[in-house]
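Everything on this sheet refers to the single structure shown next.
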Amino acid sequence: MRFSKIVVLFFFCFAMQIGAAQQQDSVAVDRQVFQITPELTYSYKAPKTWDMFRFIPQDLYDLGKFTVQKENLKWDGLALGSTLVILPYDQKLIEDSGKLGERLGGWDKPSHYKRILGLEVIPTSISSAFYYIGNGNTTLLLSGFFYAVGKIGPDDYRALTTANELVEVLVSVGITTQTIKRMSGRQSPLVAIRDGNDGGAWHPFPSFAAYQSTTPNFDAMPSGHMATYFATLMVIATNYSEYKWIKPVGYTLGGALAFNMMSGKVHWASDYPLAVLIGCVIGKNIAERRIVKTSTALPGAKEKKTTFNTQYNFNRIYNTNVVGATITF
C-alpha cells in the first residue's frame, strides 16, 4: 500500500507541474499553443473520441514503412543484431536472473495484485509493481489520468490528446505484437524449463486453437509488455518533451521491467529488442501525428541528429558468462 501512495503522489505532482507550465494561446480558438523551449512551440487541435481508433491502420502502415526506409535500417539492424547475439545466451541469462531475483527477495515469484471493481490494479510487492508498468491496464490508467488533467478547468488539448493516444497505443501495439507472436511461436521460459527445452522451443504459425488453449507455448517473442511500455513512454515523452526527466526515468523503469520478467521466467532477454523497436516507432509516430511544431530558430540552423555506435561485449560476473551491448549516442 505504501508503494501505491507514492505512485499517487508522483502523478499528483506531475499534474500540478503540467498545469503550472501550461502556455496556451488565448487568441487561437481551434488550437492551443504550448511553449516547449524559447524557440519551439507545439500546438494541438481539440481531440475527438474517434481519433483514438481512426489512425490505427495508419500506425501499422507507418511501422512497416519505417522498417524498409534506408535511413532507418540502422535501427532494424540494431534490433535484429541484438536479438541474434543474445539468443545463444538466453537460457543462462534466465537462470542467473532467477537466482538474482531470489536474492533480491521474491523477484523470481509470480506477480500478484489486489482487485478493485474486478480489476487487478494494486501491486502487492515492489516486484509486482514493476511487472505491472508494462500491463495494458497501466496504460489505460495513465490515459484516464491525462483525461482528468485535461478536464480540470479549461480543456487542455495536449493532455486530452495524450489520453486518446494512449488508447491508440494499446490497440496498435496489441495487433502488431500478437501477429508476430503467432508467426514466431516461441515458448515462454516457464514452460520451456518445465519441458526441458533450453532457450524455448519454436513452433511457427501455430493453429488458432492451439495458441488459444496453450498460449505460453507460443507467445514469448516479442514481449507485448515491453512494446506497450515503450510506446506509452514515447507518447508521453514526445508530447511533454520539455520535461527532460521523463525519458531517463522511463528507461530506468524499463530496465527494471525487463529484469523482472526474466527473473519471473516470463520472457527471454532476446524477446526485448524487437519489442522496444516496435514500441518506440509506434509511440513516436502516434504522438508526432497530432503535433504542429513552430520554431523561431535562426534560418539555416540545422537540427542536431542523433548518431550512435554499438559495441557488443562479453564478460564474466560471479562465474557467469554475460553478454551486453554498449550504445554510445
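The values are calculated or read from the model by the stated rules, or taken from the named source; none is laboratory data. Keep in mind it's a predicted model, so treat the numbers as computed, not measured. Every residue, glycine as well, gets a Cβ built from its backbone with ideal geometry; the counts of neighbours run over all protein chains shown. Only protein heavy atoms, including side chains, enter the accessible area calculation; ligands, DNA and RNA are left aside. Shrake-Rupley method; radii C 1.70, N 1.55, O 1.52, S 1.80 Å.
Taking the range 251-268, which residues are open to solvent by 10 Å² or more (accessible area, probe 1.4 Å), under 17 Å from the mean Cα position of the chain (by Cα) and farther than 20 Å from Thr238 by Cβ? First the steps, then the outcome.
Initial filter on the range 251-268 (open to solvent by 10 Å² or more (accessible area, probe 1.4 Å)): 251-253, 255-256, 258-259, 262, 264-267.
Of the ones still in play, those that are also under 17 Å from the mean Cα position of the chain (by Cα) are 251-253, 255-256, 258-259, 262, 266-267.
Result: Gly255, Ala256, Ala258, Phe259, Met262, Val266, His267.
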ask   = Do we find a residue being closer than 30 Å to Leu104 by Cα and touching a residue at least 60 places away in the same chain (Cβ under 8 Å) anywhere in the range 150-161?
value = no
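Hey, could you check the range 182-193 for residues that are touching a helix residue (DSSP H, G or I) at 6+ places or on another chain (Cβ under 9 Å) and not in a loop (DSSP other than H, G, I, E, B) and say which is most open to solvent (accessible area, probe 1.4 Å)?
The first filter runs over the range 182-193 and keeps only residues touching a helix residue (DSSP H, G or I) at 6+ places or on another chain (Cβ under 9 Å), leaving 182, 185-193.
Now narrow it down to the ones that are not in a loop (DSSP other than H, G, I, E, B): 182, 186, 189-193.
On the way: Arg182: 67, Arg186: 2, Pro189: 0, Leu190: 106, Val191: 17, Ala192: 0, Ile193: 71 Å².
For the range 182-193, the residue satisfying everything is Leu190.
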Scope the range 194-223; condition under 22 Å from Ser263 (Cβ atoms), of a type outside the set (Asp, Glu) and open to solvent by 70 Å² or more (accessible area, probe 1.4 Å); matching residues = Arg194
request  = Could you please let me know if Trp245 is open to solvent by 60 Å² or more (accessible area, probe 1.4 Å) and under 21 Å from the mean Cα position of the chain (by Cα)?
outcome  = yes
request  = Filter the range 45-57 for residues that are open to solvent by less than 100 Å² (accessible area, probe 1.4 Å) and free of Cβ contacts under 8 Å to residues at least 60 places away in the same chain and give the result.
outcome  = Pro57
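Any residue in the range 152-172 that is charged (D, E, K, R), in a helix (DSSP H, G or I) and open to solvent by 20 Å² or more (accessible area, probe 1.4 Å)? Quick ask: steps written out before the conclusion?
So the first thing to find is which residues in the range 152-172 are charged (D, E, K, R), and the list is 155-156, 158, 165, 168.
Narrowing further to those that are in a helix (DSSP H, G or I): 158, 165, 168.
Cutting the leftovers down to open to solvent by 20 Å² or more (accessible area, probe 1.4 Å) gives us none.
Checked the range 152-172: no residue is charged (D, E, K, R), in a helix (DSSP H, G or I) and open to solvent by 20 Å² or more (accessible area, probe 1.4 Å).
Regarding Pro273, is this residue in a helix (DSSP H, G or I), without any contact (Cβ under 8 Å) to a residue 60 or more places away in the chain and either within 15 Å of the chain's Cα centre (by Cα) or buried (at least 17 other Cβ atoms within 10 Å of the Cβ) (or both)? Steps first, answer last, please.
Working: in a helix (DSSP H, G or I): yes; without any contact (Cβ under 8 Å) to a residue 60 or more places away in the chain: no; either within 15 Å of the chain's Cα centre (by Cα) or buried (at least 17 other Cβ atoms within 10 Å of the Cβ) (or both): yes.
Spelling it out, it is not the case that Pro273 is in a helix (DSSP H, G or I), without any contact (Cβ under 8 Å) to a residue 60 or more places away in the chain and either within 15 Å of the chain's Cα centre (by Cα) or buried (at least 17 other Cβ atoms within 10 Å of the Cβ) (or both).
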request  = Inspect the range 232-241 for any residue being touching a Ser or Thr at 6+ places or on another chain (Cβ under 6 Å), touching a residue at least 40 places away in the same chain (Cβ under 8 Å) and closer than 30 Å to Trp202 by Cβ and give the result as yes or no.
outcome  = yes
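Being assigned to a loop (DSSP other than H, G, I, E, B) and of a type outside the set (Asp, Glu) is the filter; apply it to the range 86-110 and report the residue that is modelled with the highest pLDDT.
Let us first name the residues in the range 86-110 that are assigned to a loop (DSSP other than H, G, I, E, B), namely 104-110.
Then drop every residue that is not of a type outside the set (Asp, Glu), which leaves 104-107, 109-110.
Details: Leu104: 79, Gly105: 75, Gly106: 66, Trp107: 65, Lys109: 66, Pro110: 65.
Per the stated criteria, the residue is Leu104.
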request  = Looking only at the range 20-35, decide whether some residue is modelled with pLDDT under 80, open to solvent by less than 50 Å² (accessible area, probe 1.4 Å), closer than 26 Å to Gly283 by Cα and assigned to a helix (DSSP H, G or I).
outcome  = yes
request  = Can you confirm whether the range 278-289 contains a residue that is open to solvent by 40 Å² or more (accessible area, probe 1.4 Å) and of a type in the set (Gly, Ala, Ser)?
outcome  = no
